[in-house]
1. So residue 114 fits all but one of (1) at pLDDT 95 or above; (2) over 25 Å from the mean Cα position of the chain (by Cα); what number is the exception?
2. Looking at the range 109-138 only, could you name the residues that are under 30 Å from residue 59 (Cα atoms) and without any contact (Cβ under 8 Å) to a residue 12 or more places away in the chain?
3. Restrict the check to the range 42-56 and report whether at least one residue is part of a loop (DSSP other than H, G, I, E, B), surrounded by 11 or more Cβ atoms within 10 Å (Cβ to Cβ) and touching a strand residue (DSSP E or B) at 6+ places or on another chain (Cβ under 6 Å).
4. Would you mind telling me which numbered condition in (1) modelled with pLDDT of 85 or more; (2) more than 30 Å from residue 100 (Cβ to Cβ) residue 137 fails?
5. Being assigned to a loop (DSSP other than H, G, I, E, B) and either closer than 20 Å to residue 39 by Cβ or touching a strand residue (DSSP E or B) at 6+ places or on another chain (Cβ under 8 Å) (or both) is the filter here, so list the residues in the range 97-133 that pass it.
């Protein structure tokens, strides 16, 4: 495991404690189980997709919970009886329960979730409230102008 020393950054920044804690916790937990495998995609500036390979799971065996800044996916699989397991000569397809957690940024919410062909697809959307969006302040009492993503990129 690689240890991250974030002390110099903690000394010179204010309000980034949560980010540093996430980095340190993720580095510590990354040594854990890699089941089920997953992908994280950025579809556009404010849209993301998490895809988990959950072959053999039915929709009623998977629970998806989104709360505050955490997305939790839990798969519960019955282990089956000893007589069912004794029929197999080789078991190479993982068929066990799992729990996956994803830390979400502020204002990211789950838009929808679909299960098809052994893939659980969870679409995420970032919706920044109007009050939090940057606004250009006019001098001498002019009108406020909302800054768009295109304006930010050009600057």
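The values are calculated or read from the model by the stated rules, or taken from the named source; none is laboratory data. Keep in mind the model is a prediction, meaning the values are calculated, not measured. No Cβ is skipped: glycine too gets one built from the backbone with ideal geometry, and neighbour counts run over all protein chains shown.
1. (2) is the only condition that residue 114 fails.
2. Result: 112, 114, 116, 117.
3. There is at least one residue in the range 42-56 that is part of a loop (DSSP other than H, G, I, E, B), surrounded by 11 or more Cβ atoms within 10 Å (Cβ to Cβ) and touching a strand residue (DSSP E or B) at 6+ places or on another chain (Cβ under 6 Å).
4. Looking at each condition in turn, residue 137 falls short on (1).
5. Passing the criteria: 97, 104, 105, 107, 117, 118, 127, 133.
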